[in-house]
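The values are calculated or read from the model by the stated rules, or taken from the named source; none is laboratory data. What you see is a predicted model, and the numbers here were worked out from it, not measured in a lab. Methodologically, a virtual Cβ is constructed for each residue, glycine included, from the backbone with ideal geometry; neighbour enumeration extends over all protein chains shown.
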Amino acid sequence: MQVFIQFKNLIKGYGKTTVIDNLDLDIGKGELFGVIGMSGSGKTTLLKTMIGFLEPESGEINYYSLKDKKYKSIFEEEDESRRMFGFSTQMPSFYPKLTTEENMDHFASLYDMKKKQRQSTIKELLSLTGLTPYNKLLAEELSGGMEKRLSIACSLVHKPSVLILDEPTADLDPVLRKETWNLIKRINNQGTTIIVASHLLDELEENCDRVGILHKKKISAVGTPAQLKKAYSKRSLSDVFEIIYNN
């Protein structure tokens, strides 16, 4: 596995409260990696720090620069690292009074993409996410499942190497959850590294290559679902999660 993103001794807090404490983690290129943790465990803080939205108190977050063929801090060249990540937040972050297509065009324009390139990329993403029939629909008129797909599409308009998803299936019914995961896997199969934070352990177990359990301000265990279950005498992954959180 080629390590694509490295966390080394990462510490992040708010005021006197430490949320992430000496966290170490490697994520491989092309992985579909899941981060599981209870509410308030620091999942969203970890994701926001990863993209440079929050600055850590200490520690490193490095990525492998495809341009320079070496590891670099995400804070070293902000333009390159900004283009490397796409982030779909838990709550919709698009504009309700713009159409599906207009939202995507707006976010693409933030990356100085030429009109022809924007049009081509938007057409491709509308098809990938199944939003082509709804391209002229106002975002506020979309269903919950289509909102999730639009959020993901907007985060992909600049063709990032890494897609970060915060609770992508929260508040969706089982059918829409399955459709969303099918979309996530299609994106991953195209070569995009994907990091998913969720509290829905069964979904991560079924879909992710590896899972990291965030507990007591650090990654307490990491591995494939099979490796984690084997380490705890072949218990179910939900049992492994419960054991870790009760210790």
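In region 26-46, the residues that are touching a residue at least 24 places away in the same chain (Cβ under 8 Å) reach residues that are part of a loop (DSSP other than H, G, I, E, B) and buried (at least 19 other Cβ atoms within 10 Å of the Cβ) with C-beta atoms within less than 6 angstrom, at least six apart or across chains, in these pairs: L32/C208; G34/C208; K43/G37.
Of the residues making up region 134-179, those that are of a type in the set (V, I, T) and surrounded by fewer than 19 Cβ atoms within 10 Å (Cβ to Cβ) number 1.
When Y95 is tested against (1) under 30 Å from T18 (Cα atoms); (2) of a type in the set (S, T, Y); (3) in contact with a helix residue (DSSP H, G or I) (Cβ under 8 Å, 6 or more places away or on another chain), exactly one condition is not met: (1). Looking across I213, I195, one residue alone is in contact (Cβ under 8 Å) with a residue 40 or more places away in the chain and closer than 23 Å to L66 by Cα. It is I195.
With the condition kept exactly as written, say whether any residue in region 168-186 is part of a helix (DSSP H, G or I), touching a residue at least 60 places away in the same chain (Cβ under 8 Å) and in contact with a strand residue (DSSP E or B) (Cβ under 9 Å, 6 or more places away or on another chain).
Yes, region 168-186 has at least one match.
Taking the listed residues T121, T99, the one that is over 19 Å from P160 (Cα atoms) and either among the β-branched types (V, I, T) or surrounded by 14 or more Cβ atoms within 10 Å (Cβ to Cβ) (or both) is T99, with no other qualifying. The residue that is surrounded by the fewest Cβ atoms within 10 Å (Cβ to Cβ), counting only those in region 5-35 that are within 20 Å of G223 (Cβ to Cβ) and among the acidic types (D, E), is D24.
Just one of the listed residues (M38, M50) is surrounded by fewer than 16 Cβ atoms within 10 Å (Cβ to Cβ), under 16 Å from K218 (Cβ atoms), under 18 Å from the mean Cα position of the chain (by Cα) and not β-branched (V, I, T), and it is M38.
Do any helices (runs of 4 or more DSSP H) lying entirely in region 10-114 carry at least 3 residues that are closer than 22 Å to I194 by Cβ and polar (S, T, N, Q), and which ones are they?
Working: elements: 43-50, 78-84, 100-109.
Once the helices (runs of 4 or more DSSP H) in region 10-114 are filtered for at least 3 residues that are closer than 22 Å to I194 by Cβ and polar (S, T, N, Q), what remains is 43-50.
If only residues of region 114-154 that are in contact with a Ser or Thr (Cβ under 8 Å, 6 or more places away or on another chain) and among the polar types (S, T, N, Q) are counted, the one that is nearest to L183 (Cα to Cα) is S151. Across region 36-76, the qualifying residues are those that are of a type in the set (S, T, N, Q) and modelled with pLDDT under 90, and the one among them that is nearest to M91 (Cα to Cα) is S39. Applying the condition of being out of contact with any Ser or Thr (no Cβ under 9 Å at 6 or more places or on another chain) and either part of a helix (DSSP H, G or I) or small (G, A, S) (or both) to region 188-224 and asking which residue is surrounded by the fewest Cβ atoms within 10 Å (Cβ to Cβ) yields N189.
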